[in-house]
Amino acid sequence: MSEAIAIQDSGLHGKKLAFVLGGLALGMFVSSLSETIASTALPTIVGDLGGVEIMQWVTTAYILTSTITMPLYGKLGDIKGRKGLLMFGLGLYAVGKVVCGISINMAMLICGRCISGMGGGGLIILSQAALADVVPPRKMGTYMGAMGALFSVSNVLGPLLGGWFVQVTGWRWIFWFTVPLALLAIVMLAIFLPRFKGTEQHFSLDIGGTVALTLFTASLTLVVAWGGTTYPWDSLVIVILFAVLLCSLTGFVVSEKHARTPIFPLGLFKNRNFVLCSAVCFLINIGFMGCMNYLPTYFQIVDKMAPEIAGLMCVPMSIGVFLTSLVSGWLVAKTGKYKIFLVAMCIVSSLGFYLMSTLEVVEPLWRPLIYLFILGFGLGLGTQIMVLIVQNEFPHTLVGTATAANNYFRQIGSTVGAALVGAMFAARLTADLANKLPHADNLTLSSLTPSVVDKLPDSVQTLIAQGYSEALIPLFLWFIPLCLVSLVLVSFVKQHPLAKSINHEGASAKVQSGSSDHARD
């Protein structure tokens, strides 16, 4: 019996499984770390390279490009196997980091982020799908919970590491230090990850669907980032983007109906649990990324913290996510029940976002620490379990495609959250401070780095801190309705038994044709 078939029948165990998990976890770690590690350093980077008006694109560029490439990695992984793709994605990710590290202006930095995003788009979904290659769903709750803890912890750890590098070694090391990690992950996967054979050796690339999905993702992000801020909503640019958005969505649906190997089989969207979990991932991640990207800068400007201390402020959220991801994953593996954790996630996260919206300029330190812990506690309860639910709904031959589709909506939420909150924050801050800054000192919004603000008179520092607070903190209230809508959606999730084996074949045609039957029952 071949190695690939043996994996499908019984999975891996012992040391071999541990080494595989280590390589997959390292790949996920470096990818998810990139979404937030630059956030603490953004004020310093902008101070060195200029371009505060495009500051949000340092984060958005990575999320956008990784989102666009994610579906392609998922489909290719199912068809051709995941091992080679994982190693390729890690290599491309490392190249992008090198470009970021040698950047001489913001345009070059954003270009490097795009390259690393094109590689990073495959790391998370291929790691999750490769985990499904070696562990059956009923046993995977524990491992998925651990991976979820690592994913969320790395998102929160990013600002801490970013702040430390800015203070100790300079911001360029934020990008350099992930290169050896990516190379180490390549070596580990090359040695330990079994080569799982895909379903086809010859296939036709869904070019139409890929192009349409790329145009849709890019136009949606630009509409959210530019609408009402850079351009009025009724401007020609925004109108054209809306037209591209609608046309690309229509073109995508038409293309998927006729493609031989559709990048997203439309039958996926007739599965209730897939649609509900994908929608909830989208909504929750709007709030999560909107929260994480701007809090470190907030703590530096408003509370006059050093970058590494501002990063430390996010550690309680990391602790909360870590604890509940591990516990909820273990309980799902033990009991096979998962719906209750989705409900609890929405309720506790709503409370966390509300508490964050009550923060003020002069605040005892314990309040944001406790509020962030509560928010992380809520988010960790269900975010990674939704991936397990989606994988359990489909045959193993479509695990990569379904995982990619679910993560696509998760990343779209991150993209929209980063772009939307960034645009609203910049607009509100500009409106509040534009006419209040002392003109005699030649101050502009683009020059408001923490080091510059620290040298200003106390009266001006107070003015700027108040402006930052009033621009960002009220936005947390906007995330509460998203959590409440998510609560309604998860109430309709069906509790299906978790499969106890990996070898699930013969149901692919159902998904292609649009059957909504539970493929793994």
Exactly one of (1) crowded, with 24+ Cβ neighbours inside 10 Å; (2) polar (S, T, N, Q); (3) modelled with pLDDT under 85 is unmet by residue 392. Its number? (3)
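Restricting to the range 257-286, count the residues that are in a helix (DSSP H, G or I) and farther than 11 Å from residue 209 by Cα. Walk me through how you get there before you give the answer.
Here is the first cut: in the range 257-286, the residues in a helix (DSSP H, G or I) are 257-258, 266-270, 272-286.
Applying the additional criterion that residues be farther than 11 Å from residue 209 by Cα yields 266-270, 272-286.
Summing the residues that are in a helix (DSSP H, G or I) and farther than 11 Å from residue 209 by Cα in the range 257-286 gives 20.
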Residue ID - nearest to the chain's Cα centre (by Cα), chosen from residues in the range 316-337 that are under 12 Å from residue 385 (Cβ atoms) and buried (at least 24 other Cβ atoms within 10 Å of the Cβ): 325
Please enumerate the residues belonging to the range 60-98 that are closer than 12 Å to residue 27 by Cα and among the small types (Gly, Ala, Ser). 89, 91, 94
Checking the conditions here, which among 430, 415, 401 is in contact with a Pro (Cβ under 8 Å, 6 or more places away or on another chain) and in a helix (DSSP H, G or I)? 401
With 116, 103 as the choices, which residue is closer than 21 Å to residue 181 by Cβ and assigned to a helix (DSSP H, G or I)? 116
Six or more apart or on different chains, Cβ atoms under 9 Å: show the pairs whose first residue is in the range 264-276 and farther than 12 Å from residue 406 by Cα and touching a residue at least 60 places away in the same chain (Cβ under 8 Å) and whose second is basic (Lys, Arg) and part of a helix (DSSP H, G or I). 266/257; 267/510
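Counting only residues that are modelled with pLDDT under 80, give me the helices (runs of 4 or more DSSP H) lying completely in the range 293-379 with at least 3 of them. Even if it seems obvious, please write down each step before you answer.
Details: elements: 295-302, 307-312, 315-335, 339-356.
Filter on the range 293-379 gives 307-312.
Residue by residue through the range 230-245, note down the ones that are of a type in the set (Phe, Trp, Tyr) and surrounded by 16 or more Cβ atoms within 10 Å (Cβ to Cβ). Please lay out each step first, then the result.
Taking the range 230-245 and keeping what is of a type in the set (Phe, Trp, Tyr), we get 231, 233, 242.
Result: 231, single match.
Residues of the range 223-241 being outside any loop (DSSP other than H, G, I, E, B) and of a type in the set (Val, Ile, Thr), which ones?
Going through the range 223-241, the residues outside any loop (DSSP other than H, G, I, E, B) turn out to be 223-227, 231, 236-241.
Once the filter is applied, which keeps residues that are outside any loop (DSSP other than H, G, I, E, B) and of a type in the set (Val, Ile, Thr), the range 223-241 yields 223, 224, 237, 238, 239, 240.
The values are calculated or read from the model by the stated rules, or taken from the named source; none is laboratory data. Computed from a prediction, not measured in an experiment: that's the story for all the values here. Every residue, glycine as well, gets a Cβ built from its backbone with ideal geometry; the counts of neighbours run over all protein chains shown.
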